[in-house]
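Here is the structure we will look at, set down as structure tokens.
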């Protein structure tokens with residue numbers, strides 16, 4: 001059985017700079033996989049490559065065995081690959097309800113319907129509301145996203161990625177900028193994710209990483225340094241050396 | 001929170017406000033109330049439709065265009081040529097205008113998909129300039145003199161287009177209203193939602209599965225059709241097509257109109273058109289060049305004062321109407 | 001054929017001088033100034049007044065035109081433009097179009113709508129025979145003068161401290177500010193210089209571009225082409241773009257007069273499709 005997500009020799013060069021070299025990563029089904037590495041290692045670049053924001057100079061990406069290297073961004077999302085952004089990427093003028101509802105509509109291939117009223121399929125509206133409720137956003141669901149406090153925006157960011165019912169979820173530093181008090185909530189939400197969703201988590205917060213991950217890959221200077229269980233990685237001298245001078249958060 | 005809240009939200013958004021009924025009743029009533037100003041009513045309806053067409057791409061999809069007159073002009077010329085060479089049926093003219101503009105809109109839509117705002121600006125100006133050049137030099141468009149001698153038959157066989165402009169006004173108002181209804185439907189549909197999303201954050205829209213390019217092509221084509229029909233209305237109701245239907249001035253004017261009334265809520269274009277045409281009518285005795293000066297001044301003032309401050313003027317009507 | 005090339009190069013040189021201010025303004029402040037042509041028009045009309053009405057010799061009038069247009073630029077920038085820098089591109093477009101309309105209407109009112117001609121000195125009007133090719137004296141003058149100006153600009157940009165600050169600001173205004181460069185002042189001076197150059201170009205080009213109140217709008221597309229195709233990060237980019245445009249336009253009008261400006265617009269659209277950030281530009 002093919003992995004949920006796999007890269008084969010993925011490479012990205014910007015002129016003389018190699019942001020990713022020979023990355024071969026496998027995300028098993030139902031995985032709780034974390035990707036760590038010092039700043040500038042290329043973690044977000046990798047996520048951008050996986051989601052199609054950047055196109056690789058070499059290598060392949062396979063989603064559940066299917067080659068998606070040339071698949072356009074929006075189709076990857078429809079195929080079940082979802083991501084969150086390190087810096088919130090929301091629609092400031094739209095309410096959380098509309099935002100999440102839109103993602104659900106697109107998932108159901110209804111986004112292109114111009115003759116129907118947006119809220120006419122009440123089942124989908126209910127689903128959006130329920131999803132927001134799970135994230136504790138039901139009280140603000142009709143406020144424009146742009147005026148919500150940062151913590152709420154971050155939760156919406158994650159909720160939005162989940163609205164598509166992805167098979168593979170890429171979380172890019174979900175706890176970034178989230179106040180201490182809210183971090184537990186974020187961790188709880190991530191841990192509660194169903195096993196049908198295979199998760200790749202990029203994080204700096206080591207507490208979060210070690211309480212969540214079952215497998216960790218370490219990315220340094222655009223290449224995978226090592227990979228293994230949390231205890232294996234924690235014990236690896238090279239990993240410590242790579243992080244020398246870096247303060248792990250938490 | 002009960003489930004009713006979420007469903008209510010969507011229901012409330014799409015429901016017709018009372019003031020909307022008043023607006024359209026007043027619009028049609030103007031034909032009876034101002035029997036001597038029907039040419040003006042006609043002008044307002046046409047400009048309003050043209051402004052709605054620009055709103056579809058600017059207000060709802062965030063595409064900055066200074067060449068929208070291209071579609072207006074193509075629609076006008078298509079309608080005029082069909083009347084001259086085929087038959088003078090008004091609806092045939094409208095259909096021809098919409099179709100011709102739509103085809104060109106579809107063909108040029110992929111030009112505006114990539115690049116910065118400046119690139120888009122350039123390309124839209126460039127495309128409009130190309131068509132202006134063609135119309136200026138080609139024989140079949142009448143060159144600098146435009147198309148004249150267009151004879152339009154009576155509407156549905158009964159209502160002739162006379163100098164009083166009654167048939168013209170009613171036709172333009174009806175067509176504008178009908179297309180407004182369609183646009184309104186489109187705005188509140190899932191498609192319209194996805195447009196809003198890609199306007200606010202194209203990156204994220206793509207990430208949640210919105211096929212951004214396809215949607216932009218679609219709305220650009222629809223906007224072109226609308227503009228083409230507006231141009232065709234002008235040709236059909238005035239029975240003349242002048243070269244300035246393709247002029248840069250026209251693209252700038254419709255942008256001003258939309259900005260005056262506020263982009264992004266359909267009624268903005270209509271209200272802006274009303275304000276501009278009424279003002280223009282009131283100062284009609286001033287010469288052409290004065291008008292251009294005041295147009296420019298209004299634009300400068302709007303920007304300096306701040307479009308958002310002006311938008312606040314419209315907040316009450318916006319809530320009531322939208 | 002060589003005459004066409006010669007004429008085209010002259011045309012291109014003037015276009016470069018006209019458009020270079022716009023390119024730098026856009027690169028430095030990310031400001032779309034569609035009213036750039038108005039400063040060119042102003043320069044042209046000031047030249048008409050100085051030379052035709054006041055009898056000042058053409059060559060002596062040119063520096064005065066530059067200064068006058070630059071002064072106009074300074075005033076416009078401090079009084080009007082400064083309020084619009086932070087606004088959206090739509091606002092900048094609306095604002096600058098408004099200025100164009102106002103300037104066009106004002107010039108039409110005060111000077112009339114007919115085309116204006118500047119009285120050129122006898123020496124420049126003669127045609128010369130060099131190597132068997134008929135070369136217009138004025139065109140030759142243009143090429144030499146604009147060429148010298150272009151070299152001067154490049155020297156200022158690469159050898160002076162001001163030029164260094166300007167390049168830093170274009171590259172990254174935020175960092176430049178952080179380094180202590182007064183980006184706003186650099187911009188004000190650059191805007192003034194750019195307007196001055198535009199005015200100078202308007203005076204130089206009046207002879208063969210045609211000077212009338214429709215000038216800013218008529219040539220707006222050309223300026224934008226030079227900037228969009230040439231990019232905003234170098235001087236060479238707009239220079240090459242302007243030359244290509246000048247030669248293409250002159251050649252096009254000679255060989256295919258029926259097409260008119262059609263070819264230019266089509267070429268521009270094609271280039272922008274291929275390279276949305278211009279032939280020389282980078283994605284910003």
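Worth pointing out:
- Highest mean packing comes first when the peptides C:63-73, B:86-96 are listed by Cβ atoms within 10 Å, giving C:63-73, B:86-96.
- Part-to-part distance (alpha-carbon centres) for segment C:20-93 and segment C:201-220, which is given in Å: 13 Å
- Among the residues of B:129-140, the average count of other protein chain beta-carbon atoms within 10 Å of the residue beta-carbon is 4.
- Debye-sum result for segment B:34-247 in log10 I(q)/I(0), which assumes one identical scatterer on each alpha carbon, at q = 0.11, 0.14 Å⁻¹: -0.52, -0.81
- In this label model, residue C:236 and residue C:1 are separated by 2.8 nm, measuring between points 7 Å along each Cα→Cβ vector.
- Spin-label pair residue A:8/residue B:182, simplified geometry with 7 Å Cα→Cβ offset, distance in nm: 4.9 nm
- Counting only Cα atoms, chain C measures 57, 44, 36 Å along its principal axes, largest extent leading.
- Report note on the peptides C:32-38, B:187-193: ranked by the mean count of other C-beta atoms within 10 Å, highest first, their order is C:32-38, B:187-193.
- Model label points for residue C:160 and residue B:110, set 7 angstrom from Cα along the Cα-to-Cβ axis, are 4.7 nm apart.
- Shape descriptor for chain A: Rg over Rh equals 0.97 (Cα atoms; Rh from the Kirkwood inverse mean 1/r).
- Efficiency of FRET from Cβ geometry, residue B:240 and residue B:29, R₀ 30 Å, rounded to 0.05: 0.60
- Centroid-to-centroid, using Cα positions, segment A:164-209 and segment C:225-243 are 48 Å apart.
- Given their separation in residues at 0.36 nm each and the Cα-Cα distance between them, residue B:214 and residue B:308 gain 30.8 nm when the chain is fully extended.
- Derived from the Cα gyration tensor, the three semi-axes of the equivalent ellipsoid of the protein assembly as shown are 50, 39, 23 Å, largest first.
- Per-residue ellipticity at 222 nm computed for the protein assembly as shown from its helices equals -20000 deg cm²/dmol, with DSSP H segments shorter than 4 residues left out and the rest contributing -39,500 (n - 2.57).
- Förster radius 51 Å - calculated FRET efficiency between residue A:188 and residue C:179, Cβ distance, rounded to 0.05: 0.65
- For segment A:1-119, the fraction of C-alpha pairs farther apart than 18 angstrom is 59 percent.
- Protection-proxy order for peptides A:53-60, C:216-223, B:48-55, A:193-200, each taking the mean of Cβ atoms within 10 Å per residue, highest first: B:48-55, C:216-223, A:193-200, A:53-60
- Other protein chain C-beta atoms within 10 Å of residue C-beta, averaged over C:263-272: 5.
- Rounded Å value of the spacing that divides the Cα centres of segment A:21-52 and segment B:17-63: 54 Å
- Residues of segment A:143-178 with amide N under 17 Å of the 7 Å Cα→Cβ point at residue A:123: A:164-165
- Scaled against 2.2 N^0.38 Å for its residue count N, the alpha carbon radius of gyration of segment B:45-86 is 1.38.
- Principal axis extents of the C-alpha atoms in segment A:110-193 (largest first, rounded to whole Å): 45, 30, 18.
- Inter-chain shielding of C:179-190 (mean C-beta neighbours from other protein chains, 10 Å cut-off): 0
- DSSP bridge pairs, the protein assembly as shown: antiparallel proportion in percent, nearest 5: 60 percent
- Sites residue C:171 and residue A:130, calculated FRET efficiency, Cβ-Cβ separation with R0 51 Å, nearest 0.05: 0.55
Bear in mind these aren't lab numbers, they're just calculated from the coordinates by the rules spelled out. From a predicted model like this one, the values you see are computed outputs, not experimental measurements. With ideal geometry, Cβ positions are generated from the backbone for all residues, glycine too; neighbour counts draw on all protein chains shown.
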